[in-house]
Number of protein chains: 2
Amino acid sequence: MNIIEVQGGVTAPQGFKAAGIHCGIRKNKEKLDLALLVSDRPCATAAVYTQNKVKGAPILVTQQNIADGYSQAMLCNSGNANTCNPNGVELAQACCELAAQSLGLKASDIVIASTGVIGQPLPLEPFAKGIPEITACLSRTGGTLAAQAIMTTDTHHKEFAVEFSLGGKTCRIGAMTKGSGMINPNMATMLTFITTDVAISPAMLNQALQAEVKQSLNQINVDGDTSTNDMATVMANGQAGNAEITQLNADYALFCDALHQVCVWACRQIAKDGEGATKLLECSVSNARSAQVGLAIAKSIISSDLFKAAMFGQDANWGRVLCAIGYTEGDFSIDKVELRLKSEKGEVLVCQNAAYFPFSEEEAAEVLSASEIQILVDMHDGEHFAQAWGCDLSYEYVRINGDYRS
Amino acid sequence: MNIIEVQGGVTAPQGFKAAGIHCGIRKNKEKLDLALLVSDRPCATAAVYTQNKVKGAPILVTQQNIADGYSQAMLCNSGNANTCNPNGVELAQACCELAAQSLGLKASDIVIASTGVIGQPLPLEPFAKGIPEITACLSRTGGTLAAQAIMTTDTHHKEFAVEFSLGGKTCRIGAMTKGSGMINPNMATMLTFITTDVAISPAMLNQALQAEVKQSLNQINVDGDTSTNDMATVMANGQAGNAEITQLNADYALFCDALHQVCVWACRQIAKDGEGATKLLECSVSNARSAQVGLAIAKSIISSDLFKAAMFGQDANWGRVLCAIGYTEGDFSIDKVELRLKSEKGEVLVCQNAAYFPFSEEEAAEVLSASEIQILVDMHDGEHFAQAWGCDLSYEYVRINGDYRS
């Protein structure tokens, strides 16, 4: 394999420093609530944002700041989403000004993000105090603390990095991500921040990210609710010294492969740590009529509450998978569907030609007792492959989201 | 009010008889599993079916049988959905033949429906034995037993009827419905059978039903899973003696009003008895830009798992409502949204101009402690009104759907 995993998260690529501190947005002083990520040089920058019509104020400010295709630093707080606040945009802009002053950059060089409760006033004071402090903490090994500072109800921090070679130059992509849950949950927010030292033009970086999210980050579902604050960014500072990628070529293809590996990692991590999740569900649809249909079917299956509850109960209720395929929009044939459930405990064929295939309930229950379940759907209807990631629906999900203020 | 509630369910209109028996499809002999509904005369008949690409065999047979716009009887079993069975269509046709013989009708006069587990063989024997038996039980007061026989995990049977006057003739519409759950649940299936003695042409009846389901039956959501067997039918036998409705006129409008009242009743009953539900959620969106946008917003809100879990927890988490409005597809403005929560315990304004409105958490918790919650959304963006019905997401939902075979 020419893409290998390495340590270091967002600070694995050359030229990136990061830090994470508690600045006072969250009440619990044990919890970090401010992350800062800075590159030595300007970065080609691409981003994707929530499709929700209610957008967090930081998203509006980030969109403006990276309109020129470049940024150099990223500031993210947890504990407050800065959404549905009348003065949210002004506050996000003021935070960018503070970060710019502290780092010797322009405010328009800053990517800003927030995650946490919505519709709650967010004071500037913690930022005014915290930004000089966090600037002093920046380090080449600070990726882990930054990954901790963007957590909300995530049960652990999430960082990852890969290494590969472009034209003899060692290149890296690093990432940190957070998933589903908040200390005072309003909605599950997905944030993914990716760094790389690959030299790539803003246009090609944007093309790579836009194509990638369709296959991975948009294929995660914990509870069907699209947050107001979802955001994924890639910052590429070119310090690996490879020939800048400015067109579709072999280097671009390899960069996309590495980016895909990083994003699939993020999907699996987020889904596995979904609110109340006891199992990761990874659905792979093969031989679909089109890529779009395959993606839609995979997402439909992992989004079905009935199927998610069945997985929690370790029940091979294949009818629910067929049902979810059946209500997927698009033009395709369902008559030849074949369905297998697989885990480290084994594999069982449960449905063939869209009808019941005699299987052992005991064997199926054993397969489903694992903590990662593969749902393998063969449509026999074309040659496209797609995946989606989700988690089971548990009592704990209801508890977290029903009882949190009582 | 010129539309009043009356007793009798599907047998309230003139000329309809019904019955419900146990014929042996369900193991538990205490549970009725076969319903039969017959009209003295041929009925103009309209139906709507699930949009799922996997359709229960009875749906395919019913579509053929009422292609001419008429039927005279309806046969429905519970306990087995007759879906994903290789010989399902032949079996459904054989049941229609049996019913036709027993009733002195043609097989193509029969509407057939099934609800229960999918992908399980369904033998003909219980029908061969049961159909003559149930024919002998038909009566003018049999609506209640028929309503019991179509139940699956419904906690109670559901029947309703209204009376109104067209040109001096007393007219009635009756209905029975079943909702979300099965004895061996695979998916929540909605069945609604409506009878009326109004004289109306098949074309106008179809127009009325198609328009009505968009406003009501398609606006229910228990868990987002569209069943393979959903079906709603209206059979109109004309025995009220009114001037036949053959065009858009005042009689048609009044008939549609009465039909709407019956269908809203069905929506409320189904949502309230959703699997594990402890609360009925009725969302009313006023001043939407278009009818379509209003319907989509209302459905988006009552479909949000995060909001449903908050309602279970009696938590006035208005951010989740805004979030669900925000990810609704369509072109509309969200800036002026106003949101109130209301029940028999009171009413509380929680959001104005899409931002937090200071409210008493205690007062809100009191409002949300009721068993029926109104979510009142004023978009201030047009003049259209729409509703949707759902239920909260409870521990019990997860238990029913996760543990049922263990």
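For chain A, what is the convex hull volume of its Cα atoms per residue in Å³?
134 Å³
Using the heavy atoms of the protein chains alone and a 1.4 angstrom probe, what is the accessible area of chain A per residue in square angstrom?
Normalised by residue count, the accessible surface of chain A is 35 Å².
Any idea what diffusion coefficient segment A:280-403 gets from Stokes-Einstein, in µm²/s, Kirkwood Rh on alpha carbon pairs, 20 °C, 1.002 mPa s?
After rounding, the answer is 149 µm²/s.
As I understand it, the dipole of chain B uses +1 on the Cβ of Lys and Arg and -1 on the Cβ of Asp and Glu, about the Cα centre. Which of B:ALA288, B:LEU166, B:SER304 lies farthest toward its positive end?
It is B:LEU166, whose Cα lies furthest towards the positive end.
What spacing in nm lies between the two simple spin-label points modelled at B:GLU372 and B:VAL6, each 7 Å away from Cα in the Cβ direction?
Using points 7 Å along Cα→Cβ, the separation is 2.3 nm.
I need the GluC sites (Glu not before Pro) found in segment B:330-406, filtered to DSSP loop residues with at most 15 other beta carbons within 10 Å of theirs.
B:GLU344, B:GLU383
Reachable lysines from A:LYS299, Cα under 17 Å, same-chain residues fewer than 8 places away excluded?
A:LYS214, A:LYS272, A:LYS279, A:LYS308, B:LYS53
For A:LYS336, B:LYS158, B:LYS53, give the ranking by accessible area with the largest first, probe 1.4 Å.
Putting A:LYS336, B:LYS158, B:LYS53 in descending order of accessible area: A:LYS336, B:LYS53, B:LYS158.
Can you give the Rg to Rh ratio of the protein assembly as shown, both from alpha-carbon atoms, with Rh computed by the Kirkwood formula?
So for the protein assembly as shown, dividing Rg by the Kirkwood Rh gives 1.02.
Other chains' Cβ within 10 Å of A:46-56 residues: what's the mean?
Numbers: counts 0, 0, 0, 0, 3, 3, 8, 14, 11, 1, 0.
Mean partner shielding for this stretch: 4.
Less than 16 Å apart at the alpha-carbon level, and either on another chain or at least 8 residues along: which lysines does that give for A:LYS106?
none
What is the residue of chain B with the smallest Cβ distance to the axis taking B onto A, and what is that distance in whole Å?
B:TYR395, 3
What's the magnitude of the charge dipole for segment B:3-273 around its Cα centre, counting Lys and Arg as +1 and Asp and Glu as -1 at the beta-carbon? Answer in Debye, nearest 20.
320 debye
Leaving ligands and nucleic acids out of the surface, order A:TYR252, A:TYR395 by accessible area at 1.4 Å, largest first.
In descending accessible area the options line up as A:TYR395, A:TYR252.
Counting only residues 5 or more places away or on other chains, whose amide H sits under 5 Å from the amide H of B:THR153 once H atoms are built in the peptide plane?
Long-range HN contacts for B:THR153: B:GLY181, B:MET182, B:ILE183.
At 7 angstrom along the Cα-to-beta-carbon line, where would the label on A:GLU344 sit relative to the other copies? Give the distances in nm, shortest first.
In ascending order, 5.3 nm.
Could you sort A:ASP305, A:ASP40, B:ASP331 by accessible area so the largest value comes first, with the probe set to 1.4 Å?
Correct descending sequence by accessible area is B:ASP331, A:ASP40, A:ASP305.
Taking θ = phi - 60°, what integer Hz values does the Karplus form 6.51 cos²θ - 1.76 cosθ + 1.60 yield along segment A:240-255, in sequence order, with x for Gly and Pro?
Along segment A:240-255, the couplings run 5, x, 6, 4, 3, 7, 10, 8, 5, 7, 5, 4, 4, 4, 5, 4 Hz.
Along the charge dipole of segment B:20-173, Cβ charges K/R +1 and D/E -1, which of B:LEU145, B:VAL38, B:ILE21 sits furthest on the positive end?
Value: B:LEU145.
What is the gain in length, in nm to one decimal, between A:LYS169 and A:ALA67 on full extension, counting 0.36 nm per residue of separation less the C-alpha to C-alpha distance?
Stretched fully, the A:LYS169-A:ALA67 segment lengthens by 33.8 nm.
Treating only the Cβ of Lys, Arg, Asp and Glu as charged (+1, +1, -1, -1), what charge dipole size does the protein assembly as shown show about its Cα centre? Round to the nearest 20 debye.
Dipole of the protein assembly as shown, to the nearest 20 debye: 160 debye.
Nearest 500 deg cm²/dmol is fine: what mean residue ellipticity at 222 nm does the protein assembly as shown get from its DSSP H runs of n ≥ 4 alone, each adding -39,500 (n - 2.57), divided by its residue count? Show your work: numbers first, answer last.
Working: 22 runs with 254 residues, N = 812.
Calculated from helices alone, the mean residue ellipticity at 222 nm is -9500 deg cm²/dmol.
Rounded to whole Hz and in sequence order, give me ³J(HN,Hα) for segment B:137-149 from the Karplus expression 6.51 cos²θ - 1.76 cosθ + 1.60, θ = phi - 60°, writing x for Gly and Pro.
8, 4, 8, 6, 10, x, x, 5, 5, 4, 5, 6, 6
Express in whole angstrom the spacing between the alpha-carbon centres of segment A:12-26 and segment A:103-132.
13 Å
What are the distances, in nm and sorted shortest first, from the label point of A:GLU125 to the label points of the same position in each other copy, with each label point placed 7 Å from Cα along the Cα-to-Cβ direction?
List, nearest first: 7.9 nm.
Any idea what the A:GLN7 label distances to the other copies are, label 7 Å down the Cα→Cβ vector, nm, shortest first?
So the distances to the same position in the other copies read 8.0 nm.
Report the one residue of B:GLY241, B:ILE110, B:ILE131 whose Cα lies farthest in the direction of the positive end of the charge dipole of segment B:3-273 (charges on C-beta: Lys and Arg +1, Asp and Glu -1; origin at the Cα centre).
Sorting the options by dipole projection puts first B:ILE131.
Which whole-Hz ³J(HN,Hα) couplings does segment B:161-169 yield from phi under the Karplus relation 6.51 cos²θ - 1.76 cosθ + 1.60, θ = phi - 60°, glycine and proline marked x?
Values, residue by residue: 7, 10, 10, 7, 10, 10, x, x, 9 Hz.
If each of A:CYS137 and B:SER290 carries a label point 7 Å out from its Cα toward its Cβ, how far apart are those two points in nm?
Spacing of the two 7 Å Cα→Cβ label points: 5.0 nm.
Sort all Cα-Cα distances of segment A:1-157 into consecutive 10 angstrom bins from zero, then give the percent of pairs in each bin up to the one containing the longest distance.
Per 10 Å bin, starting at zero, the Cα-Cα P(r) for segment A:1-157 comes out as 11, 42, 37, 9, 1, 0 percent.
Are there GluC sites (Glu not before Pro) in segment A:1-103 that DSSP puts in a loop and that have at most 16 other Cβ atoms within 10 Å, and which ones?
Those satisfying the criteria are A:GLU30.
What does the average come to when, for each residue of peptide A:324-330, you count the partner chain Cβ atoms lying within 10 Å of its Cβ?
Numbers: counts 6, 3, 12, 11, 2, 2, 1.
Mean shielding count: 5.
Amide H to amide H under 5 Å from A:GLY142: which residues, 5+ apart in sequence or cross-chain, H placed 1.01 Å off N in plane?
So A:GLY142 has HN proximity to A:ALA18.
Amide H of B:GLY276 versus every other amide H placed in the peptide plane: which residues, excluding those fewer than 5 positions away on the same chain, fall under 5 Å?
none
The values are calculated or read from the model by the stated rules, or taken from the named source; none is laboratory data. A quick note: this is a predicted structure, and the numbers were derived from the prediction, not measured. Please note: Cβ atoms are built from the backbone with ideal geometry, for glycine as well, and neighbour counts cover all protein chains shown. Side chains are part of the model used for accessible areas, which takes the heavy atoms of the whole protein and leaves out ligands, DNA and RNA. Shrake-Rupley method; radii C 1.70, N 1.55, O 1.52, S 1.80 Å.
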